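K.L.:
Once you've had a glance at the structure underneath, I'll fire off some questions.
The values are calculated or read from the model by the stated rules, or taken from the named source; none is laboratory data. Just so it is clear, the model here is predicted, and its values are computed rather than measured. Here Cβ is always computed from backbone atoms with ideal geometry, including for glycine, and neighbour counts include all displayed protein chains. In case anyone asks, the SASA skips ligands and DNA or RNA and just uses the protein heavy atoms, side chains included. Shrake-Rupley method; radii C 1.70, N 1.55, O 1.52, S 1.80 Å.
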Amino acid sequence: MSKIIFDGKKVGMFVSAVVAAAGSSSRMGEDKLFMLLDGVPVLARSIAALEKCEYIDEIIVVTRADLITRVNALVKQYDFTKVSCVCEGGETRAQSVRKAVENCSDKAGLFVIHDGARPFVKEETVKRTVEAAFKFGAAACAVRVKDTIKLVDKDGFVTDTPDRNTLRAVQTPQVFRNYIYKDALEKADDSVTDDCMTVEAAGYKVKLVEGDYTNIKLTTPDDILSAQAILKGRGE
């Protein structure tokens, strides 16, 4: 059981992490989870970031049916001892995460949801988000938006320009108290693509904490260039 730092004290709570790895990678053009970054698969880097975090007690990887054998082999290859289950996902992200939660330990007090395609998340970001969720019930890491954002109508004409100071780009991990997330999943519309949206729709507030601009999600081929730059910056 993890010892989470809260108000300067260590508090015991079992923390289950879900790695969402059931996407189709359609915009990448190949299976991005097994693309090599300096010789290491993207998914292995994402799992490793949670594996080494002292707050995480177990990891559940949810993936496509055709990838289960391959993911199990990766878990064995990299000796990820915290991975307790590799399970099949559903047709949508909401369905997949719901199946993963069903495979989490009954002892779980917090659920950490992380994208399998975010291989550069830092341990301090994970810990900061877990601590915020422990305190507020629901939390996610996010970064300030650098560009000016425009709202447009269906024809592409600008309708409004939001204040950039109020905008954040949300990342993962996103962390929730057990009772909050399970309640939200029961009420969830399967079309939602973000776990915070699921919780917000159920009437709960989500606390945003400082993220990291290098915590990118690999979605398109252009992102690989950014990933290579991050590796170079980290000396890899």
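K.L.:
Applying the Karplus parametrisation 6.51 cos²θ - 1.76 cosθ + 1.60 with θ = phi - 60° to the phi angles of region 216-230, what ³J(HN,Hα) value in whole Hz is obtained for each residue in order, glycine and proline being reported as x?
P.N.:
7, 9, 7, 10, 10, x, 4, 5, 5, 5, 5, 4, 5, 5, 5
K.L.:
Also, I was wondering about something else. For region 1-142, what is the charge dipole size about the Cα centre, in debye to the nearest 20, if Lys and Arg each add +1 at the Cβ and Asp and Glu each add -1 at the Cβ?
P.N.:
On the way: 20 positive and 18 negative charges, 57 e Å.
Magnitude of the dipole: close to 280 debye.
K.L.:
Using a Gaussian network model on the chain with a 10 Å cutoff between Cα atoms, which of V61, V130, V158 fluctuates the most?
P.N.:
V158
K.L.:
Give me a comma-separated list of calculated 3J(HN,Hα) values for region 37-48, in order, Karplus coefficients 6.51, -1.76, 1.60 applied at θ = phi - 60°, integers in Hz, x for any Gly or Pro.
P.N.:
In residue order, the calculated couplings are 10, 6, x, 10, x, 3, 4, 4, 5, 5, 5, 4 Hz.
K.L.:
What accessible area per residue, rounded to a whole number of Å², is obtained for the chain using a probe radius of 1.4 Å?
P.N.:
Working: 11920 Å² over 236 residues.
That works out to 50 Å² per residue.
K.L.:
Please give me, ordered by residue number, the chymotrypsin sites (Phe, Trp or Tyr not before Pro) of region 138-236 that lie in loop per DSSP and have at most 14 other Cβ atoms within 10 Å.
P.N.:
Numbers: sites: F157, F176, Y179, Y181, Y204, Y213; in loops: F157, Y204, Y213.
Here the sparse-neighbourhood loop sites are F157, Y213.
K.L.:
Can you tell me how much longer the chain between N72 and R144 gets when fully stretched, taken as 0.36 nm per residue apart minus their C-alpha distance, in nm with one decimal?
P.N.:
Working: separation 72, 0.36 × 72 = 25.92 nm, distance 3.64 nm.
Stretched fully, the N72-R144 segment lengthens by 22.3 nm.
K.L.:
If you roll a 1.4 Å probe over the chain with all protein chains in place, what percent of the accessible area is carbon or sulfur?
P.N.:
Here carbon and sulfur together make up 48 percent of the probe-accessible area.
K.L.:
7 Å from Cα along Cα→Cβ at both R234 and E102: what's the point-to-point distance in nm?
P.N.:
The modelled label-to-label distance comes out at 3.4 nm.
K.L.:
Would you work out the charge dipole size for region 97-236 about its Cα centre, treating the Cβ of every Lys and Arg as +1 and the Cβ of every Asp and Glu as -1, and quote it to the nearest 20 debye?
P.N.:
Numbers: 22 positive and 23 negative charges, 96 e Å.
So the dipole magnitude of region 97-236 works out to roughly 460 debye.
K.L.:
List the relative contact order of region 124-171 as a percent without decimals, with contacts defined as Cα pairs under 8 Å and 6+ residues apart. Walk me through the numbers before you get to the answer.
P.N.:
Working: 51 pairs, mean separation 16.6, N = 48.
Across region 124-171, relative contact order equals 35 percent.
K.L.:
So how far apart, in nm, are the two label points at T166 and K187 if each is 7 Å from Cα heading toward Cβ?
P.N.:
Between T166 and K187, the simple spin-label model gives 2.3 nm.
K.L.:
Now for a different question. Using the structure shown, select from K82/K205; K9/K76; K187/K207; K32/K154 the pairs with a Cα to Cα distance greater than 25 angstrom. Walk me through the numbers before you get to the answer.
P.N.:
Working: K82/K205 30 Å; K9/K76 35 Å; K187/K207 20 Å; K32/K154 31 Å.
In this structure, K82/K205; K9/K76; K32/K154 lie more than 25 Å apart at Cα.
K.L.:
Please report, in Å, the Rg and the Dmax of the chain, where both are computed over Cα atoms only.
P.N.:
Cα-based Rg and Dmax for the chain come out at 17.6, 54 Å.
K.L.:
Shifting gears a bit: Give me the extension gain from K9 to L225: residue separation times 0.36 nm, minus the current Cα-Cα distance, reported in nm with one decimal.
P.N.:
Numbers: separation 216, 0.36 × 216 = 77.76 nm, distance 4.15 nm.
Length difference between fully extended and current span is 73.6 nm.
K.L.:
Here's another thing I want to ask about it. Over the chain, calculate the relative contact order: mean separation of alpha carbon pairs under 8 Å at least 6 apart, over the residue count, as a percent. Numbers along the way, then the final one.
P.N.:
On the way: 464 pairs, mean separation 52.6, N = 236.
Worked out over the chain, it gives 22 percent.
K.L.:
For a quick check: with amide H placed at 1.01 Å from N, whose amide H comes under 5 Å from L167's, ignoring anything fewer than 5 positions away on the same chain?
P.N.:
Here V145 satisfy the definition.
K.L.:
Let me ask something else about it. Under the definition of Cα pairs under 8 Å and six or more residues apart, what whole-number percent is the relative contact order of region 146-190?
P.N.:
On the way: 21 pairs, mean separation 10.8, N = 45.
Computed value for region 146-190: 24 percent relative contact order.
K.L.:
Please report the antiparallel percentage of DSSP beta bridges with both residues in the chain, rounded to the nearest 5. Let's see the in-between values first.
P.N.:
On the way: 19 of 41 bridges.
Close to 45 percent.
K.L.:
Between D194 and K52, what FRET efficiency follows from the Cβ-Cβ distance if R0 is 35 Å, with the result rounded to 0.05?
P.N.:
Efficiency, from the Cβ-Cβ distance: 0.85.
K.L.:
Would you work out if region 78-181 is rounded, prolate or oblate? Take a ≥ b ≥ c from the square roots of the eigenvalues of the alpha-carbon gyration tensor; rounded if a/c is under 1.5, else prolate when a/b is larger than b/c, oblate otherwise. Spell out each step's value before the answer.
P.N.:
Working: a/c = 2.19, a/b = 1.77, b/c = 1.24.
It is prolate, given that a/c is not under 1.5 and a/b is the larger ratio.
K.L.:
Whole-Hz Karplus ³J(HN,Hα) for region 152-169, in order, using 6.51 cos²θ - 1.76 cosθ + 1.60 and θ = phi - 60°, x for Gly and Pro?
P.N.:
Here the 3J(HN,Hα) series is 10, 8, 5, 9, x, 8, 5, 10, 6, 10, x, 5, 4, 5, 9, 9, 9, 9 Hz.
K.L.:
Region 125-233: D in µm²/s via Stokes-Einstein (Kirkwood Rh, Cα pairs, 20 °C, 1.002 mPa s)? Each step should come with its number before you reach the end.
P.N.:
Values: Rh = 15.8 Å.
Diffusion coefficient, whole number: 136 µm²/s.
K.L.:
Taking amide H positions as placed in the peptide plane 1.01 Å from N, state which residues far from C141 in sequence (5 or more) or on other chains have amide H under 5 Å from it.
P.N.:
Q171, V209
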